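Shown next, in structure tokens, is the structure this report addresses.
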Amino acid sequence: MKRKIKYLDNSVFYIILGVVLALGINWGLAFALNTDMPVVAVESYSMVPTFTKGDILILQGVPANSLKTGDIIVFSVPQQPTPIVHRIVTINPDQTFQTKGDANTGQLPYEKDIKSSEIHGKAVLIIPYLGWLKIGMMEYFLPNILWFVLTGGIIALIYMGVKLYRKDGFFRFW
């Protein structure tokens, strides 16, 4: 019994340690790269062939006056729940920006007047495929978590029933 408790204590410790390390690395990168969002997973195919859904981008915060046409930026707009990753196609006279996805045929309405305050940073590094971990959690696991829990519970009950049956030849759940 003590061995099981020690194993559980170790597991909880390592889970907490992993979460703390991940947050620490993210905060450290945010500080070092001067941005509030240093790591972004690409969630669409709008920038193919430059990068694709599931890639990770490392962002660096840069002054708005250093951005130029052709730079890839990540920005947020009130109408969208997730940040958008697109290429700057025009710098407006009022120092706002226009963007477009490389694979898109045209601009979306919110891409024609992007203020510098909406920009999180400029893409400086692309890591292929690593973003699928985040996308898998957000698009597949979390929306279906109830089904995963129910399935896991049923499998656990079946396992316990089979184990009890084998022990003395008949089912006992008490």
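Pairs 53/134; 68/122; 100/122; 100/134; 68/100: which exceed 19 Å Cα-Cα? Before the final figure, lay out each step's value.
Working: 53/134 11 Å; 68/122 10 Å; 100/122 14 Å; 100/134 24 Å; 68/100 14 Å.
Over 19 Å Cα-Cα: 100/134.
List, in order, the whole-Hz ³J(HN,Hα) value for each residue of segment 44-59 obtained from phi through the Karplus relation with A = 6.51, B = -1.76, C = 1.60 and θ = phi - 60°; use x for Gly and Pro.
Once rounded to whole Hz, the list reads 8, 9, 6, 10, 5, x, 4, 7, 9, 4, x, 7, 10, 10, 9, 9.
Using helices alone, what [θ] at 222 nm do you get for the chain, with -39,500 (n - 2.57) per DSSP H run of 4 or more residues, divided over all residues and rounded to the nearest 500? Walk me through the numbers before you get to the answer.
Values: 3 runs with 60 residues, N = 174.
Using -39500 (n - 2.57) per qualifying helix, the result is -12000 deg cm²/dmol.
For a quick check: with amide H placed at 1.01 Å from N, whose amide H comes under 5 Å from residue 103's, ignoring anything fewer than 5 positions away on the same chain?
Under 5 Å from the amide H of residue 103 lie the amide H atoms of 47, 48, each far enough along the sequence or on another chain.
Taking the chain, how much of its Cα-Cα pair set, in percent, is spaced more than 28 angstrom apart? Mind dumping the intermediate values first?
Details: 6596 of 15051 pairs.
Every Cα pair in the chain considered, those over 28 Å come to 44 percent.
Quick check: net charge around residue 88, other residues with Cβ under 11 Å of its Cβ, Lys/Arg +1 and Asp/Glu -1?
Details: positive: 68, 87, 100, 122; negative: 71, 111.
Counting the neighbours of residue 88, the net charge comes to +2.
Please give me the summed charge of the neighbours of residue 71: other residues whose Cβ is under 12 Å from its Cβ, Lys and Arg +1, Asp and Glu -1. Write down the numbers at each step before the final one.
Values: positive: 68, 87, 122; negative: none.
Neighbour charge sum, excluding residue 71 itself: +3.
Give the relative contact order (percent, whole number) for the chain; include only Cα pairs under 8 Å separated by 6+ residues. Mind dumping the intermediate values first?
Values: 241 pairs, mean separation 35.1, N = 174.
Answer for the chain is 20 percent.
Could you give me the ³J(HN,Hα) list for segment 115-126, computed from phi with Karplus coefficients 6.51, -1.76, 1.60 and θ = phi - 60°, whole Hz, x at Gly and Pro?
7, 4, 5, 8, 8, 8, x, 9, 5, 10, 8, 10
Viscosity 1.306 mPa s, temperature 10 °C: what is the translational diffusion coefficient of segment 34-130 from Stokes-Einstein with a Kirkwood Rh over Cα pairs, rounded to a whole number of µm²/s? Show your work: numbers first, answer last.
On the way: Rh = 13.2 Å.
Estimated diffusion coefficient is 120 µm²/s.
All of the numbers you see were taken from the coordinates with simple rules; none came from a lab. Note that the structure is a prediction, hence the values are computed from the model and not measured. Neighbour counts run over all protein chains shown; Cβ positions are idealised from the backbone, glycine included.
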